[in-house]
1. Counting residues that are under 30 Å from residue A:156 (Cα atoms), which strands (runs of 3 or more DSSP E) fully inside the range A:259-341 reach at least 3?
2. Of the residues A:319, A:330, A:274, A:287, only one is touching a helix residue (DSSP H, G or I) at 6+ places or on another chain (Cβ under 6 Å) and under 30 Å from residue A:195 (Cα atoms); which?
3. Of the conditions (1) within 24 Å of residue A:211 (Cα to Cα); (2) surrounded by 13 or more Cβ atoms within 10 Å (Cβ to Cβ); (3) modelled with pLDDT of 90 or more, residue A:86 clears all except one; give me its number.
4. Exactly one of these conditions fails for residue B:55: (1) within 26 Å of residue A:342 (Cβ to Cβ); (2) surrounded by fewer than 15 Cβ atoms within 10 Å (Cβ to Cβ); (3) at pLDDT 85 or above. Give me its number.
5. Within the range B:5-50, which residues are within 9 Å of another protein chain (Cβ to nearest Cβ), assigned to a helix (DSSP H, G or I) and at pLDDT below 80?
6. Considering only residues of the range B:115-132 that are assigned to a strand (DSSP E or B) and more than 28 Å from the chain's Cα centre (by Cα), which is surrounded by the fewest Cβ atoms within 10 Å (Cβ to Cβ)?
7. Quick check on residue A:98: is it away from chain B (no Cβ under 11 Å) and modelled with pLDDT under 90?
8. Taking the range A:203-221, which residues are touching a strand residue (DSSP E or B) at 6+ places or on another chain (Cβ under 6 Å), within 11 Å of chain B (Cβ to nearest Cβ) and assigned to a helix (DSSP H, G or I)?
């Protein structure tokens with residue numbers, strides 16, 4: 001009678017089988033029960049649909065949170081291992097590292113914004129010094145500045161991961177406690193970007209602990225290539241400058257001092273060099289890594305105007321002040337890369353873009369300055385793994 | 001390490017509420033599919049009902065499987081790209097170029113030992129980079 005034996009068995013078991021009684025599809029048949037179940041189900045969805053959606057979203061956030069915790073733990077472990085390996089401390093540094101991971105920086109009051117840049121600059125300087133001092137305490141056997149800066153950067157990457165994890169966990173728990181769809185939805189919407197950032201910092205940890213150049217080091221790499229073979233001197237603070245003859249002009253090529261993880265203080269350094277030359281600078285060219293938009297190729301070069309420098313804005317402010325004071329034109333060259341590439345070990349495409357960027361500098365200088373002019377070329381970024 | 005932390009997790013449970021709903025929908029879907037199969041065997045007059053039940057059953061089963069898969073999915077292991085960081089060493093005199101794995105302490109423009117071909121010339125590191133083998137997905141827009 002039937003093609004499928006199992007159906008046959010079911011129908012044999014069912015008393016008053018609707019199919020046997022010719023009631024299939026009619027009242028009291030299986031389909032009626034199915035219809036009833038679906039109706040109940042529809043009512044459940046109608047009244048509990050949002051709650052169900054919230055559970056689904058929480059589940060997604062939970063998955064990402066587990067992944068984030070894994071990355072954070074690995075970062076912490078990596079930082080401790082690097083400090084132990086290089087610093088050879090006599091005591092257990094784990095509690096101190098844990099304390100460092102929770103460090104915070106309070107930005108200055110901005111109710112009266114006049115003078116806020118100097119305050120912010122001071123706070124950031126204190127923060128950097130404090131972190132470096134802590135690293136020195138945790139790595140007493142390390143006297144090498146390069147290694148100390150690398151360890152400081154490793155710790156900073158671990159701190160960033162710790163913070164990301166704690167913020168996501170905070171909103172996750174808050175969303176779960178209140179079952180507010182809107183809290184959970186906001187968190188779920190930003191999670192792909194947060195995870196991308198976390199993965200980038202995870203890659204950065206390895207690069208920092210080994211002292212490998214990262215994507216952001218492309219600016220210093222270009223400056224380094226330009227100043228190679230010329231005398232290099234230090235300028236305030238943690239920056240270097242070389243006087244390079246370039247297409248009949250004098251190029252003052254600058255970068256943060258390498259090869260340790262160090263961004264220097266480009267604002268102060270440029271200010272010093274401009275003042276040394278009494279403001280007689282024909283042009284300032286800033287070269288930096290820039291975030292690419294989706295669809296753009298890694299290592300693509302773009303030109304523009306303005307101070308190409310990231311961070312909290314202190315350096316950009318100082319540079320702009322000097323430019324306005326002496327009416328110096330500013331040009332920027334950026335090498336496009338993803339947020340993940342910016343802190344991960346440098347990709348070949350970015351490395352290869354350095355020579356092309358130098359050609360763009362050459363074109364810019366030939367087109368926009370005269371022979372005998374003096375100009376500044378600053379390779380902005382972290383000098384990790386880049387010497388001079 | 002990631003898996004260990006997942007096992008210790010207090011939040012790594014599947015919500016019983018979701019599991020119950022999925023189980024109900026799945027059960028209904030299976031009943032609908034069985035009924036459809038049976039209706040099909042009864043002859044051409046029940047073909048419309050059979051088709052209707054197949055659509056409902058397949059749709060509900062699909063939805064429940066997707067939901068079950070999503071809820072049971074554990075946090076995936078961290079996918080760190082297996083890429084090697086390479087160091088490029090060059091001799092500016094004879095142009096010899098050597099590529100080797102990165103070693104701690106390497107940095108761009110670091111001077112190394114003398115070149116094998118020209119002993120008076122020191123080799124220098126001219127590049128440190130990683131090569132990504134996997135091709136990025138492109139969108140034709």
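1. In the range A:259-341, A:283-291, A:330-337 are the strands (runs of 3 or more DSSP E) which contain 3 or more residues that are under 30 Å from residue A:156 (Cα atoms).
2. One residue alone meets the criteria, A:287.
3. Single failed check for residue A:86: (3).
4. So residue B:55 meets the others, but not (1).
5. Selection gives B:5, B:6, B:17, B:18.
6. Among those that are assigned to a strand (DSSP E or B) and more than 28 Å from the chain's Cα centre (by Cα), it is B:122.
7. When the stated conditions are applied, residue A:98 does not pass them.
8. The answer is A:207, A:215, A:217, A:218, A:220, A:221.
The values are calculated or read from the model by the stated rules, or taken from the named source; none is laboratory data. Note that this is a predicted model, so its numbers are computed, not measured. No Cβ is skipped: glycine too gets one built from the backbone with ideal geometry, and neighbour counts run over all protein chains shown.
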